[in-house]
Amino acid sequence: PLTVARQWGLYISSSRGKSSINVEEPPLFSEPGVFLVRPGGTLYYGAVQTMPFARPLFSELLQAIDFAIHKDYPARGEYDGPL
């Protein structure tokens with residue numbers, strides 16, 4: 001639902017009729033986002049887009065996940081202290 005999309009920080013767009021691939025857009029819809037959430041519920045990776053272009057390739061994303069698991073790579077952007 002769009003209310004959940006907004007809670008995740010996704011951008012909401014309104015229809016402009018037919019899309020570039022000739023599909024009728026719904027009146028309102030969310031733009032793409034990809035989130036990897038750890039089993040404990042914390043965000044590990046997030047990507048939010050304002051356009052449907054240049055989406056992450058899932059084959060590359062799966063390779064990155066394998067790397068992160070193998071190397072125990074920490075999440076980034078977790079600092080929330082004073083600047």
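Things worth noting here:
- Helix-derived mean residue ellipticity, 222 nm - over the chain, DSSP H n ≥ 4, -39500 (n - 2.57), to 500: -7000 deg cm²/dmol
- Summed over the residues of the chain and divided among them, the accessible surface reaches 85 Å² per residue at a probe radius of 1.4 Å.
- Most mobile listed residue (Ser20, Ser30, Ser59) in the chain, GNM with C-alpha springs under 10 Å: Ser20
- Rounded tilt (10° steps) of 58-71 against the dominant C-alpha axis of the chain: 10
The values are calculated or read from the model by the stated rules, or taken from the named source; none is laboratory data. Everything numeric in this text was worked out from a predicted model, so none of it was measured. Each accessible area value is taken on the protein alone, full model and side chains, heavy atoms only, with ligands, DNA and RNA left out. Shrake-Rupley method; radii C 1.70, N 1.55, O 1.52, S 1.80 Å.
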